[in-house]
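Data block below; observations after.
The values are calculated or read from the model by the stated rules, or taken from the named source; none is laboratory data. Fair warning: this is a prediction, and the values are worked out from it, not measured in the lab. Note: ideal-geometry Cβ built from the backbone for every residue, glycine included; neighbour counts use all protein chains shown. What goes into the accessible areas is simple: the full protein's heavy atoms, side chains included, and nothing from ligands, DNA or RNA. Shrake-Rupley method; radii C 1.70, N 1.55, O 1.52, S 1.80 Å.
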Amino acid sequence: MLDQTTAAMKREKQIDALLLRSEIEAFNAQYCLALDEQRLGDWAAMFTTDALYVVLSRENADKGLPVGLIYCEGRGMIRDRAFALEKTSMFAPRYLRHIVGNLAVLGEGTDGSIKARANYVVLQVLYDRPDATLHQVGVYHDVFRRVDGVLKLAERRCVYDNLLVPNALCIPV
Amino acid sequence: MLDQTTAAMKREKQIDALLLRSEIEAFNAQYCLALDEQRLGDWAAMFTTDALYVVLSRENADKGLPVGLIYCEGRGMIRDRAFALEKTSMFAPRYLRHIVGNLAVLGEGTDGSIKARANYVVLQVLYDRPDATLHQVGVYHDVFRRVDGVLKLAERRCVYDNLLVPNALCIPV
Amino acid sequence: MLDQTTAAMKREKQIDALLLRSEIEAFNAQYCLALDEQRLGDWAAMFTTDALYVVLSRENADKGLPVGLIYCEGRGMIRDRAFALEKTSMFAPRYLRHIVGNLAVLGEGTDGSIKARANYVVLQVLYDRPDATLHQVGVYHDVFRRVDGVLKLAERRCVYDNLLVPNALCIPV
């Protein structure tokens with residue numbers, strides 16, 4: 001009888017983990033959708049007010065250098081960046097398409113924060129070129145937190161593998 | 001006591017959503033497998049008899065133009081296309097590999113239909129070229145419906161970002 | 001009443017399938033992470049002691065030829081390969097990034113083994129080149145088995161679509 005209860009509790013925990021995993025997957029799908037459709041205001045709203053958002057190269061990340069292509073402390077700075085991009089005429093003439101895979105939920109902190117990782121690929125199509133190209137390849141290092149029950153990013157560090165080509169503006173990923 | 005019941009019901013609903021999400025993921029995996037292995041008859045069987053299957057450019061989709069590279073109304077037309085391709089000698093000398101990601105289940109209609117989206121990438125290897133290339137990048141706009149309990153596509157609009165290169169036949173995606 | 005029990009049992013089975021699917025997804029994410037971070041010892045530990053690990057071309061796989069780029073019988077051989085690569089200076093100057101998608105769980109054998117498939121893409125960045133390239137595209141044909149409750153690979157046959165470019169060492173995928 002005790003064993004049955006233990007087994008049932010173990011199963012409930014597995015289902016909890018599954019629900020969390022699925023929630024993060026759905027979050028990442030919505031996040032990418034907002035970027036792919038250039039709804040940058042919606043994108044900014046997915047962060048906590050005190051969020052850290054950084055885009056940096058794998059080379060710098062491996063050396064422990066925090067210097068990044070993008071460095072935003074707080075949702076205010078994230079919103080500023082979104083606004084700036086929407087006003088930039090050079091941003092428009094391309095399509096972007098994100099693919100996120102290999103989600104790994106790394107654990108929950110005592111404060112309810114959730115650490116996770118996922119690989120990402122950003123594909124780009126310039127309006128005047130027929131082919132799609134690999135714009136950026138990398139990994140998200142994430143900390144999620146709930147605000148009024150809704151999952152938000154308290155931290156997203158995007159570590160990209162590839163050196164960026166000249167025509168790549170500092171677009172969010 | 002009431003709170004416990006409410007919490008239990010909420011959890012049941014979350015599990016339902018998870019089961020549906022997972023079913024669509026499995027569907028998309030089977031769909032891509034059929035295309036990757038050139039089992040086009042199996043592919044056509046994944047649509048409802050009255051299904052709409054369209055492949056159109058993001059440019060046209062954004063302008064509200066329905067004109068597409070492929071336009072099939074009903075499974076009959078979808079099957080015809082599958083047959084035509086299997087008889088086309090130019091179709092053979094390439095491998096295709098689909099990757100689907102970023103599934104977003106958008107909701108269920110009162111008639112039991114399910115709206116969803118997912119990003120896709122089709123990678124291509126020509127027999128006489130060593131490297132894989134990005135053949136097509138885009139998004140599926142889907143409506144699923146159950147037929148005898150089995151999930152089928154009532155609508156799949158494939159909106160691709162990239163202009164297509166000349167040697168790309170109108171292959172299904 | 002009987003119907004309710006049947007429905008409940010069916011649901012339990014669906015949840016079981018979901019838990020297994022999610023476990024394999026998490027496994028594949030960890031597997032790729034180990035390779036992306038060049039932790040090849042951790043990678044080798046994900047196989048059973050008697051595991052088969054093969055990397056072969058789609059062309060040979062289609063012809064039923066077992067000849068592969070890599071052929072390892074048993075974890076000992078897999079470990080040897082991992083060691084050899086870590087000692088190879090040519091392996092270092094590149095970043096790799098795996099994306100796995102389209103998981104299809106094909107069923108469980110009477111011996112508890114689980115058959116599955118998934119598509120994979122390996123993206124590569126050479127240190128002296130700015131752009132990411134498609135290094136390898138293919139499909140995993142897998143057999144999983146539990147060892148002390150933990151999922152391990154008893155067999156992974158990696159069938160790649162693309163001919164490999166000269167600077168590609170026989171790195172594991």
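Each Lys and Arg contributes +1 and each Asp and Glu -1, all at the Cβ; summed about the Cα centre of region A:45-173, the dipole is approximately 140 debye.
Each of A:A34, A:Y71, A:F47 was scored by the projection of its Cα onto the charge dipole of chain A, and the greatest displacement toward the positive side belongs to A:Y71; charges sit on the C-beta of Lys, Arg, Asp and Glu. Accessible area per residue for region A:10-151 is 44 Å², calculated with a 1.4 Å probe on protein heavy atoms, without ligands, DNA or RNA. Backbone geometry of region C:104-118 corresponds, through the Karplus equation with coefficients 6.51, -1.76 and 1.60 at θ = phi - 60°, to 3J(HN,Hα) couplings of 10, 8, 8, x, 10, x, 5, 8, x, 6, 10, 8, 8, 9, 7 Hz, x marking Gly and Pro. Looking at the square roots a ≥ b ≥ c of the eigenvalues of the Cα gyration tensor of the protein assembly as shown, which shape do they give, rounded for a/c under 1.5, prolate if a/b is larger than b/c, or oblate? Cα axes put the protein assembly as shown in the rounded bin.
Using Cα atoms only, what is the angle between the long axis of helix A:75-86 and the major principal axis of chain A, expressed in degrees (0 to 90) to the nearest 10? On a 0 to 90 degree scale, this one is about 40. Any idea which of C:P93, C:Y140, C:L163 is furthest toward the positive side of the dipole for region C:57-173, if Lys and Arg beta-carbons carry +1 and Asp and Glu beta-carbons -1? Checked the options; the winner is C:P93.
Extending 7 Å from Cα along the Cβ direction at A:D148 and again at B:A17 yields two label points whose distance is 1.6 nm. Contact residues in region C:109-134 (at least 30 Å² less accessible area with all protein chains than alone, 1.4 Å probe): C:R117, C:N119, C:V121, C:L123, C:V125, C:P130, C:A132, C:L134.
Within the full protein context, the accessible area of A:E108 is estimated at about 130 Å² for a probe radius of 1.4 Å. Can you classify region A:38-109 as rounded, prolate or oblate using the Cα gyration tensor, where a ≥ b ≥ c are the square roots of its eigenvalues, rounded means a/c under 1.5, and otherwise it's prolate if a/b beats b/c and oblate if not? It comes out rounded by the Cα gyration axes.
Structural descriptor for region C:1-72: relative contact order 18 percent, calculated from alpha carbon pairs under 8 angstrom and at least 6 residues apart. Dipole size of region A:4-58 about its Cα centre, with +1 on Lys/Arg Cβ and -1 on Asp/Glu Cβ: approximately 340 debye, rounded to the nearest 20.
With all protein chains in place and ligands, DNA and RNA left out, the 1.4 Å accessible area ranks C:M9, B:M46 as C:M9, B:M46, largest first. Rg over Rh for region B:22-173 works out to 0.95, using Cα positions for both radii and the Kirkwood form for Rh. Relative to the other identical copies, C:D42 shows label-point distances of 3.5, 3.5 nm, where the label point lies 7 Å from Cα along the Cβ direction and values run shortest first. Residue pairs exceeding 19 angstrom between C-alpha atoms, taken from B:K87/B:K152; B:K10/B:K152; B:K13/C:K10; A:K115/B:K13: B:K87/B:K152; B:K10/B:K152; A:K115/B:K13.
Summarising the label geometry, the points placed 7 Å from Cα in the beta-carbon direction at A:D50 and A:V67 lie 2.9 nm from one another. Principal axis analysis of the Cα atoms in region B:96-152 yields extents of 50, 22, 11 Å, listed in decreasing size.
The interface between chain B and chain C buries about 2200 Å² of solvent-accessible area in total (1.4 Å probe, ligands and nucleic acids excluded).
Remark: relative contact order (region B:49-173) = 26 percent; criterion is Cα-Cα distance under 8 angstrom and separation of 6 or more residues. Within the protein assembly as shown, DSSP assigns beta bridges of which about 85% are antiparallel (rounded to the nearest 5). Ligands, DNA and RNA left out, the 1.4 Å accessible surface of chain A is 56% carbon and sulfur atoms. For region A:108-173, a crude dipole built from +1 on the beta carbon of Lys and Arg and -1 on the beta carbon of Asp and Glu, taken about the Cα centre, is about 140 debye to the nearest 20.
For A:K63, the label point sits 7 Å beyond Cα toward Cβ; its separations from the matching points on the remaining copies run 4.8, 4.8 nm, from shortest to longest. Angle, helix C:2-36 long axis vs. longest principal axis of chain C, Cα atoms, 0 to 90°, nearest 10? Between helix and principal axis, roughly 10 degrees. Inter-copy label distances for B:A17: 2.2, 2.2 nm (label point placed 7 Å from Cα along Cα→Cβ; shortest first).
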